[in-house]
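Peer 1: Sharing a structure here in structure tokens format.
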Amino acid sequence: MREQAPVVAAVAVGGAIGACARYAVALALPTPAGGFPWATLVTNVSGCALMGMLMVAITELWVGHRLLRPLLGTGVLGGYTTFSTFAGDVDTLVAAGRPVPALVYLFTTPVAVLIATWTAASLTRRLVIRRTA
């Protein structure tokens, strides 16, 4: 149990930072009642792109401290991205009588986050290979 305490602390600190960043995006891009949830989409796509970059950086570029992945990946980016809010946003759009935007959002988000993760990882990998060559 004691050996896990630093990992739990790193995830908790990172999660608080990520949640604050997510809240800042929500304040910058407020969603009006029944409106399209741009803030959640931007948060999830950018968070997944950052995760793609991070995973390449800490697995292919350098070996980081053992707490780096829990702090940044699970903590910061886990607290920043919000798939529970994504699900709630779909429900809110349907409840507001906006099934078409709800369906567009429902199908666009997973595709967009996968593309963002893959693209960011690929570009980071390409930059790493170019830099080390």
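The values are calculated or read from the model by the stated rules, or taken from the named source; none is laboratory data. This one's a predicted model, so the numbers in the text were calculated from it and none came from an experiment. Cβ sites come from the backbone with ideal geometry, for glycine too, and all protein chains shown count toward neighbours.
Peer 1: Of the residues that sit in segment 13-30 and are surrounded by 14 or more Cβ atoms within 10 Å (Cβ to Cβ) and in contact (Cβ under 8 Å) with a residue 40 or more places away in the chain, which one is nearest to LEU68 (Cα to Cα)?
Peer 2: GLY14
Peer 1: Between residues in segment 71-95 that are free of Cβ contacts under 8 Å to residues at least 60 places away in the same chain and residues that are not in a helix (DSSP H, G or I), which pairs lie under 6 Å by C-beta distance while being six or more apart or on different chains?
Peer 2: ASP89/PRO37
Peer 1: Output the number of the condition that ARG69 fails; it satisfies all remaining conditions of (1) farther than 24 Å from PRO101 by Cα; (2) modelled with pLDDT of 95 or more.
Peer 2: (2)
Peer 1: Name the single residue that is nearest to THR43 (Cα to Cα) among those in segment 113-124 being buried (at least 17 other Cβ atoms within 10 Å of the Cβ) and under 13 Å from the mean Cα position of the chain (by Cα). Break it down stepwise before answering.
Peer 2: As a first pass, look at segment 113-124 and keep what is buried (at least 17 other Cβ atoms within 10 Å of the Cβ): 113, 116-117, 120-121, 124.
Among the residues that remain, those that are also under 13 Å from the mean Cα position of the chain (by Cα) are: 113, 116-117, 120.
Working: VAL113: 10, ALA116: 12, THR117: 13, ALA120: 15 Å.
Ranking the qualifying residues of segment 113-124, first place goes to VAL113.
Peer 1: What do you reckon, is THR31 in contact with a Phe, Trp or Tyr (Cβ under 9 Å, 6 or more places away or on another chain) and modelled with pLDDT of 95 or more?
Peer 2: The answer is no for THR31.
Peer 1: Now for a different question. Where in segment 26-133 are there helices (runs of 4 or more DSSP H), lying fully within it, with 2 or more residues that are over 29 Å from ALA9 (Cα atoms)?
Peer 2: 83-95, 99-132
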